[in-house]
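Asker: Take this structure, written in structure tokens, and hold onto it; I'll ask about it next.
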Amino acid sequence: MKADPKADTAAAAPAGSKKKLIIMILAAVLMLGAGVGGGWYFSQSSAAHGEEEAPAKETKKKKKKDPAVKPEYVPIEAFTVNLQPENGEQYLQVQFTLQVEGAEQSTLVKDNMAIVRNRVLLLLSSKKASEINTVEGKQQLASEIQAAITEPFEKQGDEQEVSDVLFTSFIIQ
């Protein structure tokens, strides 16, 4: 009796498809393992790289001012003072705005406005018209005002963070 060719192919097909199925499962497991291994490798190397850069970024932040803190502007009422005599009586009328670092500094300056005005008044009244008439003289005066206001309001206190003095009116008469 001759074997049925259809029966041979039917019996051979399950054996061949089992081999193919096993090969496909092994390939899928290998690919999954490679994907997980690659993901772990890159996540570990990124974490190590990020740890090395984190201290560098922190030191840069310490050196620079915090960009999250927006500058605040505190307008100062006008001053009218007698200047030191050179050619008769001369007066200075000046108004400016302080640029400070954040709302806390703004409140501190506003709460101590009497001290601020006293320091500036004493500084302005010690000047001669010829000293502050030029652009360089005005810039020097702004630096001196900034230095006077930056000094602590209390003994052993912290300095104020005044970053700029911006003149809004400047008249010598």
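The values are calculated or read from the model by the stated rules, or taken from the named source; none is laboratory data. Please read these numbers as outputs of a predicted model, since none were measured by experiment. As a convention, Cβ positions derive from the backbone with ideal geometry for all residues, glycine included, and neighbour counts pool all protein chains shown. The area values use the complete protein model at the heavy-atom level, side chains included, leaving out ligands, DNA and RNA. Shrake-Rupley method; radii C 1.70, N 1.55, O 1.52, S 1.80 Å.
Asker: Wrap a convex hull around the Cα atoms of region 81-173, take a quarter of its surface area, and give that in square nanometres. Write down the numbers at each step before the final one.
Answerer: Working: hull surface 23.9 nm².
Result: 6.0 nm².
Asker: Using +1 at the Cβ of each Lys and Arg and -1 at the Cβ of each Asp and Glu in region 72-172, identify which of 137, 157, 125 lies farthest towards the dipole's positive end.
Answerer: Value computed over the given set: 125.
Asker: Quantify, in whole percent, the carbon and sulfur part of the accessible surface of region 72-172 (1.4 Å probe; protein heavy atoms only).
Answerer: Carbon with sulfur: 45 percent of the solvent-accessible area.
Asker: Provide the packing ranking of 148-158, 97-107, 23-33, 128-138, i.e. peptides ordered by the mean count of other C-beta atoms within 10 Å per residue, highest first.
Answerer: Highest to lowest by the protection proxy: 97-107, 128-138, 148-158, 23-33.
Asker: What is the sum of charges, Lys and Arg at +1 and Asp and Glu at -1, for the other residues whose Cβ falls under 13 Å from the Cβ of residue 107?
Answerer: Neighbour charge sum, excluding residue 107 itself: -4.
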